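Asks: Below is the structure I would like to discuss, written out as structure tokens.
The values are calculated or read from the model by the stated rules, or taken from the named source; none is laboratory data. Source: prediction; values computed, not measured. Neighbour counts run over all protein chains shown; Cβ positions are idealised from the backbone, glycine included. Note: accessible area is taken over every heavy atom of the protein model, side chains too, but ligands, DNA and RNA are not part of it. Shrake-Rupley method; radii C 1.70, N 1.55, O 1.52, S 1.80 Å.
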Amino acid sequence: MKSIVAQKAGLRYEPVAILWSNTKPEGALQPKPNTVGCIMNFIAQALTKGKTVAFDRETCLCTGARVGLGFGNGYLNAFGGAGVDFMSAFFVKGVASSRDPAVYNAIVQHIPERERDKFIHGERIFKDVECAKRFMTEELPITDIAEKYVIFTPLGNVEPDEKPVSVIFLVDPVQLSGLSIFMGTLRDRMDPVYFPSRMAACQQIGAATYAEAKEKQPRAVLGYNDIAARENVGMTIPAHMFTFAVPYSLFLEMEAGAADSVFDGPIWKEVATSCKGDCL
């Protein structure tokens, strides 16, 4: 499977498909069982190096990633049952925001030493713990898939009889401009691109896109503003790039509408040509 949109937008990397399956592809990369860590390191291998990556509940222990991939709400029982109370403090200012600093610090001591500092001081992505709790228990779209695996694979690997859940484009700012304008030609609304800025990077490409797939007119989802994910991934994903994820039904709309689109006009051709030295 190839993408006309990716070709017309001049994307540097092949789009990646997400599939739900009970079968793990041969040779797929996978985190080791019982290892806690950011899954974006693995997803980056699919996005930039053409690898196939598989996750299941036994190899995805990051609480936020469980939400992102579709393995239920991992926040509720995070860190041995500390759950939402612990995570809400972490999302604000860590121990300074915790209801019981002694209990919070005791949990932190069980976290690998290299990660402790950020848990002590917090991620600082919410203004208060109430806001963080509401995000985890009310605002996040939760999916609990029936299949065993969530698979990320280059679009070209998708077989004719397979139907992806969604497709992820990795884009620079100019390509994002073109794609967002293109989305405006497919949707008669002011917000054809959804930017859930509070979500983790894996939640933007997973949970948010899964939720959009249920809508009559699904939107594209802009992501990878997550500074924690960027810290973990480093330069495997170039610093100037973002994710642009779409439900598969929207991907098919985009492919059908790509002919004689904004990407074929003189303005896009001029911008795409003039920025190549700086943007790609």
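Asks: If I ask for residues that are out of contact with any helix residue (DSSP H, G or I) (no Cβ under 6 Å at 6 or more places or on another chain) and β-branched (Val, Ile, Thr), which ones from the stretch 14-47 would you list?
Replies: Ile18, Thr23, Thr35, Val36, Ile43 - these are the residues of the stretch 14-47 that are out of contact with any helix residue (DSSP H, G or I) (no Cβ under 6 Å at 6 or more places or on another chain) and β-branched (Val, Ile, Thr).
Asks: Determine if the stretch 122-131 includes at least one residue that is under 26 Å from Phe42 (Cβ atoms), touching a residue at least 12 places away in the same chain (Cβ under 8 Å) and in a helix (DSSP H, G or I).
Replies: Scanning the stretch 122-131, I find no residue that is under 26 Å from Phe42 (Cβ atoms), touching a residue at least 12 places away in the same chain (Cβ under 8 Å) and in a helix (DSSP H, G or I), so the answer is no.
Asks: Also: Can you tell me which residue within the stretch 25-77, out of those that are under 21 Å from Ala245 (Cα atoms), in a loop (DSSP other than H, G, I, E, B) and of a type in the set (Gly, Ala, Ser), is most open to solvent (accessible area, probe 1.4 Å)?
Replies: Applying the filter and picking the extreme gives Gly50.
Asks: Taking the options Thr143, Thr137, Thr153, name whichever one is surrounded by fewer than 17 Cβ atoms within 10 Å (Cβ to Cβ), among the polar types (S, T, N, Q) and at negative phi.
Replies: Just a single option satisfies the conditions, and that option is Thr137.
Asks: Also, quick follow-up: Across the stretch 1-25, what is the total count of residues that are under 15 Å from Pro154 (Cβ atoms) and of a type outside the set (A, V, I, L, M, F, W, C)?
Replies: Residues that pass the stated criteria total 8.
Asks: Determine whether the stretch 265-275 contains at least one residue that is under 19 Å from Asp188 (Cα atoms) and either out of contact with any helix residue (DSSP H, G or I) (no Cβ under 8 Å at 6 or more places or on another chain) or open to solvent by less than 20 Å² (accessible area, probe 1.4 Å) (or both).
Replies: Checked against the condition, which is being under 19 Å from Asp188 (Cα atoms) and either out of contact with any helix residue (DSSP H, G or I) (no Cβ under 8 Å at 6 or more places or on another chain) or open to solvent by less than 20 Å² (accessible area, probe 1.4 Å) (or both), the stretch 265-275 yields no hits at all.
Asks: Any residue at all in the stretch 211-220 that is at negative phi, in contact with a Cys (Cβ under 9 Å, 6 or more places away or on another chain) and open to solvent by 40 Å² or more (accessible area, probe 1.4 Å)?
Replies: no
Asks: Search the stretch 162-178 for residues that are open to solvent by less than 10 Å² (accessible area, probe 1.4 Å) and pair each with any residue that is of a type in the set (Gly, Ala, Ser) and not in a strand (DSSP E or B) when their beta-carbon atoms are under 6 Å apart and the residues are at least 6 apart or on different chains.
Replies: What qualifies is Gln175/Ala9; Gly178/Ala9.
Asks: Which one is surrounded by the fewest Cβ atoms within 10 Å (Cβ to Cβ) among residues in the stretch 179-193 that are β-branched (Val, Ile, Thr) and more than 19 Å from the chain's Cα centre (by Cα)?
Replies: Thr185
Asks: A follow-up question, please. Go through the residues of the stretch 7-24 one by one and say whether even a single one is among the small types (Gly, Ala, Ser), open to solvent by less than 10 Å² (accessible area, probe 1.4 Å) and over 20 Å from the mean Cα position of the chain (by Cα).
Replies: Checked against the condition, which is being among the small types (Gly, Ala, Ser), open to solvent by less than 10 Å² (accessible area, probe 1.4 Å) and over 20 Å from the mean Cα position of the chain (by Cα), the stretch 7-24 yields at least one hit.
Asks: Could you list, in sequence order, all residues of the stretch 228-248 that are assigned to a helix (DSSP H, G or I) and surrounded by 14 or more Cβ atoms within 10 Å (Cβ to Cβ)?
Replies: The answer is Ala228, Ala229, Arg230, Asn232, Val233, Thr236, Tyr248.
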